[in-house]
1. Set the Förster distance to 51 Å, then compute FRET efficiency between THR165 and LYS251 from the Cβ-Cβ distance, nearest 0.05.
2. Find how many whole Å separate the alpha carbon centroid of segment 8-68 from the alpha carbon centroid of segment 295-330.
3. What does the convex hull of the Cα atoms of segment 36-123 come to per residue, in Å³, rounded to a whole number?
4. Once amide H atoms are built 1.01 Å from N in the peptide plane, which residues 5 or more positions from GLU341, or in another chain, come under 5 Å H to H?
5. Which aspartates and glutamates does LYS269 reach when only Cα atoms under 20 Å apart count, and residues fewer than 8 places away in its own chain are ignored?
6. Full extension from MET120 to ARG262: what is 0.36 nm times the residue separation minus their Cα-Cα distance, to one decimal in nm?
7. Only counting other Cβ atoms within 10 Å, I'd like HIS118, HIS242 sorted with the fewest neighbours first.
8. Which order do THR165, THR70, THR277 fall in if you start with the one that has the fewest other Cβ atoms within 10 Å?
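Since every read-out is calculated from the coordinates, none of them should be taken as a lab result. What you see is a predicted model; the values in this text were computed from it and never measured. So basically every Cβ, Gly included, is an ideal-geometry build from the backbone, and we count neighbours across all protein chains shown.
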Amino acid sequence: MCTQQVILDSTLRSSRTLEFEEALRAKIVSQEEALQAMVDLYQVFSAGLNPPGRPVGSLLFLGPTGCGKTRVVEAAAEILFGDSQAVIKVNCGEFQHSHEISKLIGSPPGYLGHRETHPMITQEALAASHTDKLKLSFLLFDEIEKANDALWQLLLGMLDKATLTLGDNRRVDLSQTVIFMTSNLGSAEITELMQGGMGFVQPKDKPTTGLDEKVERTAVEAARRTFSPEFMNRLDKLVVFHSLSPEQLEKVLQIELNQVQRRVLETDKRRFLFHVTDAGRQFILQEGTDRRYGARHLKRAIDRHVISPLANLLATEQVKMGDTLCIDWDTRVGRLVFWKESPEAAAVLNVSKRTPSQLQVVGTAGGRSTEIPSPARARGVGNNK
Ligand SMILES: Nc1ncnc2c1ncn2[C@@H]1O[C@H](COP(=O)(O)OP(=O)(O)O)[C@@H](O)[C@H]1O
Ligand SMILES: [Mg+2]
């Protein structure tokens with residue numbers, strides 16, 4: 001008989017789980033439900049309470065394009081395995097025909113080309129992410145609504161028994177694996193609900209109360225309409241992602257720009273600092289985000305408008321170690337311009353096709369240009385939020 005009772009706190013997380021949560025929050029903007037699902041999963045796995053004979057978890061991520069479904073999985077891999085690419089990623093769109101399934105599981109012995117087809121999902125490939133402390137693997141089926149029947153059958157088997165039989169009859173054990181699936185189903189309706197069909201902003205006359213529930217219901221209903229009950233019943237969790245607001249997209253941009261800065265600082269060449277003005281950031285956001293594709297094209301816009309000009313500046317030695325660059329939008333030239341900030345002088349680094357000798361060096365006041373008019377500059381340059 002228990003004589004003394006001690007009330008335990010079952011909501012308390014381990015410090016390792018809290019660290020994981022914090023790291024994930026630093027990489028992912030919003031999507032609270034997804035973050036919680038990942039953190040719960042990690043805690044259950046760390047405690048060894050995941051169900052035996054089944055995958056560690058099976059999560060279906062629903063929601064509009066470019067709102068972080070794939071990114072959440074990559075970010076978790078980055079944190080747990082030290083590499084965002086330590087995920088076996090199956091783009092279901094590439095498996096539209098049944099015969100393509102051999103790319104995943106290899107073909108039976110005796111088939112023409114049997115030796116040449118290296119299956120994607122093997123025990124070795126899954127073990128590649130294992131570390132001394134963590135024997136866990138991530139398997140991601142992206143955009144499952146595009147999968148063909150053969151792939152569905154495979155997926156159902158994996159979810160049910162946590163095993164996969166390869167073409168040559170080898171068995172792959174998935175009991176240390178989390179199976180993630182993403183789908184954009186219901187995405188058009190969700191975008192409509194979130195934005196009232198009028199761009200990013202929620203119109204004032206549209207009541208926002210219950211919006212989250214509506215979005216969730218829409219996504220789940222779309223999934224139930226499309227996917228079989230057999231499949232839906234095998235999932236541990238269904239997580240609905242929401243479209244990102246302009247403020248949230250700005251935060252995503254800041255995370256991406258911080259990553260670029262980190263890359264610059266990690267180069268053993270000329271390490272320098274840069275910051276982007278408000279107007280510069282608005283330009284990149286305009287180029288890299290939109291209603292239909294969320295933040296999907298943001299990286300491309302950063303590559304084009306920030307990384308490649310920076311690479312030019314480095315390659316032509318216009319930037320020195322320890323320099324600070326300011327990246328601004330200049331309405332006059334209709335593109336981003338790169339300023340070198342220094343106590344004495346600043347150079348306008350127009351990175352198009354000019355040679356260093358053609359650079360226009362302008363006078364500055366307090367390290368800031370005073371000669372080239374730019375409405376953007378008037379709004380201030382501080383952006384290290
Ligand atoms: N919520 C978010 N937090 C952080 N980055 C995000 C978020 N949503 C989108 N991104 C950025 O946009 C890119 C595309 O997002 P992704 O996860 O591939 O979209 P999808 O939801 O279509 O899978 C990511 O690589 C990431 O850079
Ligand atoms: Mg995706």
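1. 0.70
2. 35 Å
3. Cα-based convex hull of segment 36-123, divided per residue, equals 147 Å³.
4. THR324, LEU325, CYS326
5. Once the sequence-local aspartates and glutamates are set aside, what remains near LYS269 is ASP303, GLU317, ASP323, GLU341.
6. Extra length available between MET120 and ARG262 comes to 47.9 nm.
7. Details: HIS118 9, HIS242 23.
Ascending number of Cβ neighbours within 10 Å: HIS118, HIS242.
8. On the way: THR165 13, THR70 20, THR277 24.
Lowest count first: THR165, THR70, THR277.
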